[in-house]
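Note sheet for the following structure.
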Amino acid sequence: MRKIVLAAAIAGAALSLAACSEKTEDAASETADNAMADTQANAEAAGDAVSDAATEATDAATDAAAAVEADVQDESTAEAKAD
C-alpha cells in the first residue's frame, strides 16, 4: 500500500513540475517575442533618425556651398542655389 501511495505522490509531483515547466516555457517564448518586437521597433526608429540626420546634413552642405558660390561670384545665395 505504501508503494502505491509513494508512486502516486511521485507521479503527482512529476505532473506538477511538467505543468510548471510548460508555463515557464510559454512565458519565456512570450518574453522573447516581445524582445524581438522591441528590437525591431528600435531599429526602425534608429533608421529613421539616421535618414533624417543625413537629409539635414545634405541640406546644410547645399546651403554652405551656395553661400560660398554666392561670395565668389558676387551674387545672392538664391541665385547661387539656382545655378
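The values are calculated or read from the model by the stated rules, or taken from the named source; none is laboratory data. Quick caveat, the model's predicted, so the values are computed rather than measured. Backbone-built Cβ (ideal geometry, glycine too); neighbour counts: all protein chains shown.
Key figures for this structure:
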{"item": "Cβ pairs under 7 Å, 6+ apart, first in the range 63-83 and without any contact (Cβ under 8 Å) to a residue 40 or more places away in the chain, second outside any helix (DSSP H, G or I) and not acidic (Asp, Glu)", "result": "Ala70/Ser76"}
{"item": "Options Glu25, Glu75, Glu79: the member that is of a type outside the set (Ser, Thr, Tyr), modelled with pLDDT under 95, surrounded by 10 or more Cβ atoms within 10 Å (Cβ to Cβ) and not in a helix (DSSP H, G or I)", "result": "Glu75"}
